[in-house]
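In what follows, a single structure is set out as structure tokens and then discussed.
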Amino acid sequence: MRTLLLWCPDWPVLAAEIVEGVPATDPVAVLHANRVVACSERARAEGVRRGLRRREAQGRCPQLTVVDHDPGRDARAFEPVVAAVEELVAGVEVVRPGSCAVAARGPARYLGGEEVAAERIVEHVAQTCAVESQVGIADGVFAAGLAARSGRVVPPGGTPEFLAALPVEALGRPALADLLRRLGVRTLADFAALPAGDVLARFGFDGALAHRLAAGRDHRPLAVRQPPVDLAVTAGYDEPLDRVDAAAFAARALAEQLHDRLAGHGLACTRLGIEAVTAHGQELHRVWRHDGLLTAAAIADRVRWQLDGWLSGSNGRAGGRAARPTAGIIRLRLVPDGVIAQAGLQPGLWGEAGEERERAHRALSRVQGILGPEAVVTAVLGGGRSPADQVRLVPWGDERLPARPGQPMSLTGPVPPGGPVSSGVPVPGGPVSSGVPVPGGPVSSGVPVPGGPVSSGVPDRPASSGRPALPGQSGSLAQSGASGQGAQAGRGGSGRAARSPRSAGRVEPPWPGQLPPPAPAVVLPQPLAATVHDDAGEPVVVSARLQLNAAPARLIVGTGRPAEIVGWAGPWPVDERWWAPAEARRRARFQVCLADGAALLLAVEAGQWLVEAIYD
């Protein structure tokens, strides 16, 4: 395919000038891993070359300005250049920051030839972006990139001849080029003359691709870039808008159109550009910034305020306000100058961010004003070893920060409204108080744990003696702190976790002794008393060394009927705040699966069995 490739020389240096203000006319070198990856023309005149170490480059040019390599900076600075090329041609592929390619057939036919198209693109980029560039045209992206270094237009079918005299270093593979030179292969023609099968056997797949490039056979077609979606909305008016009320009415419809278009792409506006054109050709422009999300009503308000300022301005006399336009507005355009993904701001209960959220906030604030701040609470997940410890209820409107540092237990499903813990309020999927019946007792039935309570990366140990583990465990249990040293691990980890600093962008480690995922669906606000018996009907006891005197066989919750235990896992020991006797707590937790499909989280504390949570 005939390919037109635009190349901007020394682009990392130009990007540093565009973004950071480093003058590209000075001796500048861009370094990565202490080696030069790009340098300016003045630096090359002083002897600086790519691949030099920093000390050697500064020795050759003492006044050298050193800039760290930043691929993100290069890509951001190159985006306006690509946009300028897309104003003339379609189907642009970004090869790398500083280089983009397009099929040459379309621009050549539309602009009157390949050379004319190359000149138009170079001139347009220079006028639009003030960036110097060169264009090469050849058969394929690889050959067009090499032709762009000298600004050549290789005639159709002449690509193999153009590549023949180039050295093997032009392939851009230093290790392969060094090996080929030691084998006596110095030009691309010599490399292309080798049998393809032998090249594949000797140099591998990457060598075979390089062999195709050396012969002028590009290995892939162009992967054209999808142009960014135009999110701006425009409206024209036959009758010029010279009254504020008429302009505000027109602005409201345009604001709703912009909001609907952004919502269709999952975006929300944070910075709004308002552009207007009068009947006399006068162009007006203003940008409004907002800390939160701009709803349709907020966009309409800002457009109305701006139009009021324009249409009610002074006639330019001294001491007056801004000059009033000499004619009415015939075209209005709204540009979302700053957008963010709306998915990260989903409020959860009331749909998309907008009027619904504001109405709910006003309603909940009114309830708080009548009943007090603690009447409306929301759940915040944080760190902890048990599901109940990981939930903090904060008043509505307060800052939603976890009470404990550390990564909370991962959830396998959505959290019910109000969070997984609620005091006295029914939660879909299970009960929240001790008065709800279960098969044989006061706890409702559940479902087997999906995937089982297994977490990777922790040594396994037998789950029980003669009893199957929970579904998905295959007879073994991966647990945190469940070995003979579990109590010591829990004891030492509690203080460290509480004192570990929280830094932004860092994933907090899990708490030692924390239950593995999945998390329970329902956490009871008050644990329910229970008893566990073995096959002989004797109570099951956990010793100080976390040894069970017998395998659990039946569970009785409160005064209910016995339920058969078909699988169990544990114990997970926890010895918390042992340094404060008044707050010390020592317990062991178990997961059990009943014959009717219910899965429960049990705990033993001071010899008493308790039901803490229900799995769904």
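We did not get these values from a lab; they are worked out from the coordinates using the rules stated. Everything numeric in this text was worked out from a predicted model, so none of it was measured. Ideal geometry is used to build each Cβ from the backbone, glycine not excepted, and the neighbour counts take in all protein chains shown.
Backbone geometry of the stretch 254-265 corresponds, through the Karplus equation with coefficients 6.51, -1.76 and 1.60 at θ = phi - 60°, to 3J(HN,Hα) couplings of 5, 5, 5, 5, 5, 4, 5, 5, 5, 5, x, 9 Hz, x marking Gly and Pro. The trypsin sites (Lys or Arg not before Pro) of the stretch 524-616 that DSSP puts in a loop, and whose beta carbon has at most 14 other beta carbons within 10 Å, are R545. Per-residue Karplus couplings for the stretch 98-114, computed as 6.51 cos²θ - 1.76 cosθ + 1.60 with θ equal to phi - 60°, are listed in order as x, 8, 9, 10, 8, 4, 7, 5, x, x, 5, 6, 7, 9, x, x, 5 Hz, Gly and Pro entered as x.
For N549 and W578, the FRET efficiency from 1/(1 + (r/R0)^6), where r spans their Cβ atoms and R0 equals 25 Å, is about 0.50. Spacing of the modelled spin labels on A327 and D596, each 7 Å from Cα toward Cβ, amounts to 8.2 nm.
The length gained on full extension between R44 and Q282, counted as 0.36 nm times the residue separation minus their Cα-Cα distance, comes to 80.8 nm.
Please label the shape of the stretch 1-78 as rounded, prolate or oblate, based on the square roots a ≥ b ≥ c of the eigenvalues of the alpha-carbon gyration tensor (a/c under 1.5 means rounded; beyond that, a/b larger than b/c means prolate, else oblate). Prolate is the answer for the stretch 1-78, as a/c is 1.5 or above and a/b outweighs b/c.
Can you check what the net charge comes to around F205, using other residues whose Cβ is under 13 Å from the Cβ of F205 (Lys, Arg +1; Asp, Glu -1)? Within the 13 Å Cβ shell, the charges total +2. If you take all other residues with their beta carbon under 14 Å from the beta carbon of L610, and give Lys and Arg +1 and Asp and Glu -1, the sum is +2.
In this structure the amide hydrogen of R152, modeled in the peptide plane, comes within under 5 Å of the amide hydrogens of I137, none closer than 5 places in sequence on its chain. The 3J(HN,Hα) values that the Karplus relation (6.51, -1.76, 1.60; θ = phi - 60°) gives for the stretch 199-207 are, in residue order, 5, 5, 5, 8, 10, x, 5, 5, x Hz. Gly and Pro appear as x. Which of the GluC sites (Glu not before Pro) across the stretch 542-609 are loop residues per DSSP, with 15 or fewer other Cβ within 10 Å? Passing both the DSSP loop test and the Cβ count: E583.
A simple count of charges around V522, restricted to other residues whose Cβ falls under 13 Å of its Cβ and scoring Lys, Arg +1 and Asp, Glu -1, yields -2. The GluC sites (Glu not before Pro) of the stretch 1-89 meeting both criteria, a DSSP state outside H, G, I, E and B (loop) and at most 14 other C-beta atoms within 10 angstrom of the site's C-beta, are E87. Dividing the Cα radius of gyration of the stretch 527-616 by 2.2 N^0.38 Å, with N the residue count, gives 1.09.
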